[in-house]
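Below is one structure, written out as structure tokens, with a few remarks after it.
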Amino acid sequence: MTALTSTLTRRTALMAGAALPLTAALAGTARAATDTQTATPAPLHNGFAIGDMAVSTLLAGTRAVPDPHKIFGLNVSDEDFAAASKQAFIPDDIAQFFFTPTVVKTGDQVVLFDTGADSDGMTAALAAAGYAPGDITTVVITHMHGDHIGGLMKDGTPTFPDATYVTGQTEFDHWSKTDNDTFKTKVAPLADRFSFIGDGDSPVSGITAMAAFGHTPGHMVYHLESDGDRLLLMADTANHYVWSLAHPDWEVTFDMDKAKAAETRRKVLDMVAADRIPLVGYHMPFPGLGFVETRGDGFHYVPETYQMRLKNA
């Protein structure tokens, strides 16, 4: 038998062998995907530097959510939603959600932005990044949806015992007039420890609040700057790296003022794309850190790979 014949024979045998269990292999893959849909991937944190600031994104939770077209693209057809999803190599019948607070150490301050949906997931992610709840000096709440304030309290006790709390005045005023149970149990007991800010104010030096209303009435994003480096924490300005960035005018269930939210999305994403500022998105695929470029009538999310590591090497 010649070498060529031998090679062809082995290849044919491998292909034939692979073809027989293909159905079983696909079924196994499907089972594995189902088994891991609610698992939290490791690691739980990603650390990098912005000038003299030490920044860590924290995976406080993740879960699979079916029927994403009931959440994103409410104003487009099933066909358009499916086509956009296929083009981006993602399914249109299920999505993976990520919940990513950020902790920033600057000088003697340790600032936590948002707290996840519950204190257990929050403290586990903090521990992975080398922090304990007692290390947090300031908690900044970008807005008061449950997946951002749920980790403030556990069993009626503050999760961050030594922290002061900061949020937008407009946001706090709105929720304080509602009958929202999560606000009542997680935020109201801490009301006397909150201070309130507006557009352009700074919770600590080097961090500036920016009004980004629409997702909620007082939703805020935060701009970090240190030693010439910049970062934007965009919170929930965009909730999905395809359905909200490539299609910023698509309506989202969670946006309370959908027209204003779309206007804000374009404004914020235009800014980070033009200035080439890295951003952290609370619901971007973990570690939630990346860049934005303009593409067509929308935007394209570019996940960070090693840029931040080399920049600060």
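Remarks
- Any chance Thr137 is touching a strand residue (DSSP E or B) at 6+ places or on another chain (Cβ under 6 Å) and over 25 Å from Thr62 (Cβ atoms): yes
- The numbered conditions (1) of a type in the set (Gly, Ala, Ser); (2) assigned to a loop (DSSP other than H, G, I, E, B); (3) surrounded by 23 or more Cβ atoms within 10 Å (Cβ to Cβ) are all true for Ala246 except (3).
- Close contacts from the stretch 178-191, counting a first residue that is free of Cβ contacts under 8 Å to residues at least 24 places away in the same chain and a second that is in a helix (DSSP H, G or I), with Cβ to Cβ under 7 Å and a gap of 6+ residues or different chains, come to none at all.
- Filter result for Gly116 (surrounded by 23 or more Cβ atoms within 10 Å (Cβ to Cβ) and without any contact (Cβ under 8 Å) to a residue 60 or more places away in the chain): yes
- In a residue-by-residue description of the stretch 229-241, the property of being within 16 Å of the chain's Cα centre (by Cα) and hydroxyl-bearing (Ser, Thr, Tyr) applies to at least one position.
- Only a single criterion out of (1) free of Cβ contacts under 8 Å to residues at least 40 places away in the same chain; (2) in a strand (DSSP E or B) is not satisfied by Gly134, namely (2).
- Boolean, Lys105 is out of contact with any helix residue (DSSP H, G or I) (no Cβ under 7 Å at 6 or more places or on another chain) and surrounded by fewer than 21 Cβ atoms within 10 Å (Cβ to Cβ): yes
- Some residue of the stretch 31-43 being modelled with pLDDT of 95 or more, exposed (fewer than 12 other Cβ atoms within 10 Å of the Cβ) and not small (Gly, Ala, Ser): no
- Odd one out for Arg265 among (1) charged (D, E, K, R); (2) in a helix (DSSP H, G or I); (3) over 18 Å from the mean Cα position of the chain (by Cα): (3)
- Answer from Gly296, Gly288 - the residue that is at positive phi and under 16 Å from the mean Cα position of the chain (by Cα): Gly288
- In the stretch 288-312, the residue that is surrounded by the fewest Cβ atoms within 10 Å (Cβ to Cβ) out of those that are in contact (Cβ under 8 Å) with a residue 40 or more places away in the chain and touching a His at 6+ places or on another chain (Cβ under 8 Å) is Gly298.
- When the stretch 57-80 is limited to residues that are over 19 Å from the mean Cα position of the chain (by Cα) and in contact (Cβ under 8 Å) with a residue 40 or more places away in the chain, the one that is surrounded by the most Cβ atoms within 10 Å (Cβ to Cβ) turns out to be Val76.
- When each of Ala235, Ala246, Ala212 is tested for being farther than 19 Å from Pro101 by Cα, in contact with a helix residue (DSSP H, G or I) (Cβ under 8 Å, 6 or more places away or on another chain) and modelled with pLDDT of 95 or more, the lone residue that passes is Ala246.
- Residue list for the stretch 249-290, filter: touching a helix residue (DSSP H, G or I) at 6+ places or on another chain (Cβ under 6 Å) and under 15 Å from Leu233 (Cβ atoms): Leu279
- From Val140, Val110, residue being in contact with a helix residue (DSSP H, G or I) (Cβ under 7 Å, 6 or more places away or on another chain) and either closer than 23 Å to Ile50 by Cβ or part of a strand (DSSP E or B) (or both): Val110
The values are calculated or read from the model by the stated rules, or taken from the named source; none is laboratory data. Everything numeric in this text was worked out from a predicted model, so none of it was measured. Note that each Cβ is placed from the backbone with ideal geometry, even for glycine, and that neighbours are counted across all protein chains shown.
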